[in-house]
1. Wholly within the range A:52-130, which helices (runs of 4 or more DSSP H) include no fewer than the required count, namely at least 1 residues that are out of contact with any Cys (no Cβ under 7 Å at 6 or more places or on another chain), farther than 30 Å from A:Gly32 by Cα and more than 7 Å from chain B (Cβ to nearest Cβ)?
2. Mind listing whichever residues of the range A:74-103 are without any contact (Cβ under 8 Å) to a residue 24 or more places away in the chain, surrounded by fewer than 23 Cβ atoms within 10 Å (Cβ to Cβ) and hydrophobic (A, V, I, L, M, F, W, C)?
3. If we scan the range A:193-210, do we find a residue that is of a type outside the set (S, T, N, Q) and assigned to a loop (DSSP other than H, G, I, E, B)?
4. For A:Gly154, indicate whether it is in contact (Cβ under 8 Å) with a residue 24 or more places away in the chain, crowded, with 24+ Cβ neighbours inside 10 Å and assigned to a helix (DSSP H, G or I).
5. Can you tell which of B:Leu58, B:Leu84, B:Leu64, B:Leu104 is surrounded by fewer than 20 Cβ atoms within 10 Å (Cβ to Cβ) and at the interface with chain A (Cβ under 7 Å from one of its Cβ atoms)?
6. Can you tell me which residue within the range A:182-197, out of those that are at the interface with chain B (Cβ under 9 Å from one of its Cβ atoms) and not hydrophobic (A, V, I, L, M, F, W, C), is farthest from A:Ile168 (Cα to Cα)?
7. Please go through the range A:131-156 and give me each residue that is facing chain B (nearest Cβ under 7 Å) and β-branched (Val, Ile, Thr), ordered by number.
Amino acid sequence: MNARFEDIWVYLSATPLLGLTVTLIAYQIAYGLYARAKFHPLLNPVAVSVALLAGLLTLTGTSYQTYFSGAQFIHFLLGPATVALALPLYAQFARLKAEWRSLLIALVAGSLTATVSAVAIAWALGANKATLLSLAPKSVTTPIAMGIAEKIGGLPSLTAVLVVCTGIIGAVLAKYVLDALRIADHAVRGFAVGVAAHGIGTARAFQVSEEAGAFAGLAMGLNGAITALMVPLAFWLLSNIA
Amino acid sequence: MLPAFTLLLIYQTVGEIIAHGLDLPVPGPVIGMLMLFATLVARGSAPEQLRDTANGMLTHLSLLFVPAGVGVMIHVERIRGEALPILVSLILSTALTIAVTALLFAWLRRRRP
């Protein structure tokens with residue numbers, strides 16, 4: 001019986017089925033908890049899912065590579081999801097046209113703050129070069145950030161983790177920071193979260209209100225595009241001048 | 001849903017071809033997104049089916065970050081060694097970014113109603 005069970009385990013752990021299934025189960029457990037806690041920011045579903053899965057993999061002695069051979073099917077969807085951002089962006093086209101100057105200025109300032117402050121703080125505290133390069137694109141959505149890290153010589157897989165951490169931190173902190181600054185306008189709140197905390201912040205904003213979510217999606221799409229242009233250019237200039 | 005999903009993949013593919021073909025620093029999906037946005041603007045409306053499919057995907061956006069997040073397992077050593085700079089940097093920088101963006105955007109909006 002035991003040997004039979006082991007056979008099945010060996011077979012299953014070699015197929016992509018298991019990684020895919022446990023990811024979906026873990027996410028739904030995490031999301032259920034999050035919904036039951038009335039969407040409290042501290043119970044972020046990405047953070048809870050990652051903790052559940054990392055715990056499970058460690059307990060069963062499964063490697064990340066084995067897990068990812070299944071989970072990659074979910075990871076892959078980040079590409080088409082990025083393209084799909086064109087739709088919420090288009091839904092806000094009228095406001096985009098009316099407010100494009102304010103949006104653009106706030107976006108560039110936010111985008112620069114995100115990159116420069118992250119690298120500067122980590123550098124001041126003694127992080128090494130690969131970590132710094134991997135931190136630079138931390139505020140943009142994973143596929144874009146991994147692409148940037150690769151271009152500038154960071155570690156794409158480390159960047160992916162830092163991006164997810166940033167998203168969770170942003171989704172958790174946003175309410176407290178924005179309340180302290182007495183920012184009540186949902187468009188402004190959403191936009192700021194989208195610039196700082198990409199898709200995870202956007203998912204959080206959509207749970208707060210439709211308006212906040214639309215502006216967060218807008219910010220995330222624009223920030224992805226602008227960071228993808230600016231960061232590699234900045235590093236190219238730096239490495240050619242210095 | 002299937003035609004809409006196929007359309008998203010076609011835009012992504014064309015985006016990748018352009019990004020790699022011209023050796024651009026911008027990732028393919030971003031080019032795909034910008035092209036789809038331009039198409040919608042030129043067309044003057046978004047097809048309902050495409051809108052529903054995109055909304056469906058974006059509703060579960062946070063799920064898509066989970067596999068990358070679990071990658072924290074393979075970077076435990078590096079993150080433990082540099083926990084202080086990484087954590088302080090992520091927390092401060094993220095809070096600062098939210099504050100700068102929100103304050104500036106709110107101020108600009110008030111000036112230009």
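None of the figures in this text is laboratory data; all of them are computed from the coordinates on show. The structure displayed is predicted, hence computed values, not measured ones. Using ideal geometry, Cβ is built from the backbone for each residue, glycine included, and neighbour counts are taken over all protein chains shown.
1. In the range A:52-130, A:93-98, A:100-124 are the helices (runs of 4 or more DSSP H) which contain 1 or more residues that are out of contact with any Cys (no Cβ under 7 Å at 6 or more places or on another chain), farther than 30 Å from A:Gly32 by Cα and more than 7 Å from chain B (Cβ to nearest Cβ).
2. Listed by number, the residues that qualify are A:Phe76, A:Leu77, A:Phe93, A:Ala94, A:Ala98, A:Trp100.
3. No: zero hits.
4. Here the answer is no, as A:Gly154 does not meet what is asked.
5. B:Leu84
6. So the residue we want is A:Asp185.
7. Listed by number, the residues that qualify are A:Thr131, A:Thr142, A:Ile144.
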